[in-house]
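Peer 1: Take this structure first; my questions come after.
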Amino acid sequence: MGIRERLSGNEAAAIAMKQINPDVVAAFPITPSTEIPQYFSTFVSNGQVDTEFVAVESEHSAMTACIGAEAAGARAMTATSANGLSLMWEQIYIASSLRLPIVMSLVNRAVSGPLNIHNDHSDAMGVRDSGWIMLFSENNQEAYDNLLMAHKIAENKDVQLPLMVCQDGFITSHSIENIELLEDDKVKSFVGTYKPEHYLLNKEEPIAIGPLDLQAYLFEHKYQQAEGMRNAKKVIAEVSKEFEELTGRKYSFFEEYKLDDAEIAIVCMNSTAGTTKYVVDQLRKNGIKAGLLKIRMFRPFPTEEIAKALSHLKAVAVLDKADSLNGAGGALFEDVTSSMFVNKVQVPVVNYIYGIGGRDTTSKDIESVYNDLAKIADNGGTDDFYRYLGVRK
C-alpha cells in the first residue's frame with residue numbers, strides 16, 4: 001500500500017528527490033521552482049538525506065556543478081524554471097553531449113521578456129532539441145512518478161542522456177492535490193544504485209571529459225547521441241511497465257482519453273489535459289464523439305504511435321502553450337503534423353497557440369476548439385490552420 005498525502009507539485013518533486021537520495025543537488029532559486037531546492041535543503045539540514053547540497057550563485061553554475069558531479073561518477077539532480085533554464089543553456093547542451101544522465105525538475109514558466117513569472121512552455125520548447133529526454137506531467141502525481149522513473153531511464157547503458165521532468169508553474173507546482181507516495185525502501189529498490197561504467201574518479205581507467213572534438217569525430221559522436229535518444233523510447237516503455245507492476249499506475253508515451261471511437265480530438269500536454277478531459281466528458285453527454293491525446297513523452301517523440309492513434313479521426317487540434325514565432329505553428333504542432341505526414345496519415349489538423357504568460361484557458365475555451373473541429377470535420381478541411389486561443393486582437 002502506498003502512502004496517501006496531500007502535497008503541492010513542488011513538494012511532491014522534493015519528496016521524490018529525498019527518496020532517491022542523490023549524491024549531489026546543485027540549485028539556484030527561481031520562481032516557481034524555488035520551493036523544490038528549498039524543501040530539499042531542509043531534508044539535508046535535518047539529516048534525512050546524505051546528499052551534498054551545493055547552493056550556487058547562478059543557474060549556469062548549478063548545471064555546471066551537476067555536470068562535474070555526474071562526470072566524477074555521482075548521481076546529480078537540480079530544478080529550475082524559465083530564465084534559469086535560459087542561463088543554463090550552454091551547459092544544457094554540454095550535459096547531453098557528454099552523455100551525463102542528470103535529472104532536472106523543470107517547472108514551466110514564460111521566458112522573459114517582458115518579465116512574466118507565470119506558466120507557459122516557452123522554456124521547455126527552447127531546449128527541445130538539446131538532447132535531453134523530456135517527460136511532461138499533467139498533475140502532481142505524474143510529476144512525482146516521472147521523477148521516480150527518471151534515473152532508471154537516463155542511466156540505462158543504452159541511453160546515457162539527461163532527463164527533465166516538466167510540470168506547469170503555479171498550476172501544479174503550487175496547487176495541493178491528493179497524491180500516493182511510495183515507501184522509501186521501495187523507491188530505493190526501484191531506482192537502484194548508480195554504477196557508471198566510465199567516470200573521472202575511477203583510478204583504474206583514467207579518462208578526459210570534454211576534449212576538443214573536431215571534424216574527425218564530432219559527427220559520429222552526435223550520431224551516437226541520437227541513437228541514445230532513439231533507444232530511450234524502448235527503455236521508457238520498459239521502465240513504465242516495471243513502475244506499473246510496482247504501483248498499479250500505468251504510463252505510456254501518451255494517454256488516449258476516450259479516443260478509440262472519437263471523431264474529433266485535441267492533442268496537448270501538462271495540466272491543460274485535465275481541463276480537456278472535463279470538456280470531453282461534457283461533450284460525450286451531448287452525443288459528441290470528442291477525445292484527447294495527452295503527450296507524456298515529448299523527447300524522444302513517438303512519431304509512429306501518434307500517427308496511428310490519430311489516423312481514424314475527422315479533425316485534430318494541437319494546442320501549443322508556446323509560439324515558435326516562425327509563422328508556421330508551434331513546436332508540438334510541427335512534430336504532430338510531421339509524424340502524420342511521414343506515416344501517410346491524412347487528417348485535417350489545426351494549431352492553437354494558447355495560455356501564453358499564464359493566460360487562463362477555461363473549459364469554454366476548450367469547448368470552442370471542439371466546436372471548431374466539428375465544423376472542420378463537416379467541411380473536410382481548413383485554410384486557417386494557425387490560430388490563437390483567448391488572445392485579444
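The values are calculated or read from the model by the stated rules, or taken from the named source; none is laboratory data. Everything numeric in this text was worked out from a predicted model, so none of it was measured. Don't worry about glycine lacking a Cβ; one is built from the backbone with ideal geometry, like all the others, and counts go over all protein chains shown.
Peer 1: Just to be sure, is ALA55 of a type in the set (Gly, Ala, Ser), under 20 Å from the mean Cα position of the chain (by Cα) and modelled with pLDDT of 95 or more?
Peer 2: no
Peer 1: Which of the following residues is crowded, with 24+ Cβ neighbours inside 10 Å and either hydrophobic (A, V, I, L, M, F, W, C) or in contact with a Leu (Cβ under 8 Å, 6 or more places away or on another chain) (or both): ASN140, ASN119?
Peer 2: Sole residue among the options that is crowded, with 24+ Cβ neighbours inside 10 Å and either hydrophobic (A, V, I, L, M, F, W, C) or in contact with a Leu (Cβ under 8 Å, 6 or more places away or on another chain) (or both): ASN140.
Peer 1: Collect the residues in the range 278-302 that are crowded, with 19+ Cβ neighbours inside 10 Å and assigned to a helix (DSSP H, G or I), keeping them in residue-number order.
Peer 2: Residues satisfying the conditions are VAL279, VAL280, LEU283.
Peer 1: Please indicate, with yes or no, whether at least one residue in the range 376-385 is assigned by TED's automatic domain parsing to the domain that holds ALA273, out of contact with any helix residue (DSSP H, G or I) (no Cβ under 9 Å at 6 or more places or on another chain) and surrounded by 18 or more Cβ atoms within 10 Å (Cβ to Cβ).
Peer 2: Yes, the range 376-385 contains at least one residue that is assigned by TED's automatic domain parsing to the domain that holds ALA273, out of contact with any helix residue (DSSP H, G or I) (no Cβ under 9 Å at 6 or more places or on another chain) and surrounded by 18 or more Cβ atoms within 10 Å (Cβ to Cβ).
Peer 1: Something else: Tell me, yes or no, whether the range 80-93 has at least one residue that is surrounded by fewer than 19 Cβ atoms within 10 Å (Cβ to Cβ) and not in a helix (DSSP H, G or I).
Peer 2: No, that holds for no residue.
Peer 1: Sort through ILE376, ILE366 and tell me the only one that's part of a helix (DSSP H, G or I), under 21 Å from HIS121 (Cα atoms) and of a type in the set (A, V, I, L, M, F, W, C).
Peer 2: It is ILE366.
Peer 1: Select from the range 1-47 the residues that are in a helix (DSSP H, G or I), touching a residue at least 60 places away in the same chain (Cβ under 8 Å) and of a type in the set (Gly, Ala, Ser) and write down the one among them that is surrounded by the fewest Cβ atoms within 10 Å (Cβ to Cβ).
Peer 2: The selected residue is ALA16.
Peer 1: Shifting gears a bit: Is it true that some residue in the range 112-134 is part of a strand (DSSP E or B), under 23 Å from ARG359 (Cα atoms) and among the hydrophobic types (A, V, I, L, M, F, W, C)?
Peer 2: No: zero hits.
Peer 1: Restricting attention to the range 48-59, and to residues there that are out of contact with any Pro (no Cβ under 9 Å at 6 or more places or on another chain) and buried (at least 18 other Cβ atoms within 10 Å of the Cβ), which single residue is nearest to ALA95 (Cα to Cα)?
Peer 2: Restricting to residues being out of contact with any Pro (no Cβ under 9 Å at 6 or more places or on another chain) and buried (at least 18 other Cβ atoms within 10 Å of the Cβ), the top hit is GLU59.
Peer 1: Test of understanding: among ALA273, ALA265, which residue is within 18 Å of ILE179 (Cβ to Cβ) and aliphatic (A, V, I, L, M)?
Peer 2: Criteria check complete, one pass: ALA273.
Peer 1: May I ask you to list pairs of residues, at least six apart or on different chains, whose Cβ atoms are under 6 Å apart, with the first in the range 235-247 being in contact (Cβ under 8 Å) with a residue 60 or more places away in the chain and the second being aromatic (Phe, Trp, Tyr) and not in a helix (DSSP H, G or I)?
Peer 2: SER240/TYR251
Peer 1: Considering the range 94-114 alone, what residues qualify as being surrounded by fewer than 24 Cβ atoms within 10 Å (Cβ to Cβ) and under 21 Å from ALA322 (Cα atoms)?
Peer 2: Scanning the range 94-114 gives VAL111, SER112, GLY113, PRO114.
Peer 1: Please give the number of the condition LEU106 fails out of (1) in a loop (DSSP other than H, G, I, E, B); (2) farther than 20 Å from GLY68 by Cβ.
Peer 2: With respect to (1) in a loop (DSSP other than H, G, I, E, B); (2) farther than 20 Å from GLY68 by Cβ, LEU106 is out only on (1).
Peer 1: Residues of the range 314-329 being part of a strand (DSSP E or B) and in contact with a Phe, Trp or Tyr (Cβ under 8 Å, 6 or more places away or on another chain), which ones?
Peer 2: ALA317, VAL318, LEU319, ASP320
Peer 1: Can you tell me which residues in the range 255-277 are buried (at least 22 other Cβ atoms within 10 Å of the Cβ) and either free of Cβ contacts under 8 Å to residues at least 24 places away in the same chain or within 19 Å of the chain's Cα centre (by Cα) (or both)?
Peer 2: ILE266, VAL267, CYS268, MET269, ASN270, SER271, THR272, ALA273, THR276
Peer 1: State whether one or more residues within the range 168-175 are touching a strand residue (DSSP E or B) at 6+ places or on another chain (Cβ under 7 Å), surrounded by fewer than 24 Cβ atoms within 10 Å (Cβ to Cβ) and at pLDDT 95 or above.
Peer 2: yes
Peer 1: Going by what's in this entry, would GLU334 be described as among the charged types (D, E, K, R) and in contact with a helix residue (DSSP H, G or I) (Cβ under 6 Å, 6 or more places away or on another chain)?
Peer 2: In short, no.
Peer 1: Specify which of the listed residues (ASN202, ASN146) is surrounded by 15 or more Cβ atoms within 10 Å (Cβ to Cβ), among the polar types (S, T, N, Q) and outside any strand (DSSP E or B).
Peer 2: So the residue among ASN202, ASN146 that is surrounded by 15 or more Cβ atoms within 10 Å (Cβ to Cβ), among the polar types (S, T, N, Q) and outside any strand (DSSP E or B) is ASN146.
Peer 1: Please state which one of ASN83, ASN156, ASN116, ASN146 is under 21 Å from GLY2 (Cα atoms) and out of contact with any His (no Cβ under 9 Å at 6 or more places or on another chain).
Peer 2: Only one candidate passes the filter, namely ASN146.
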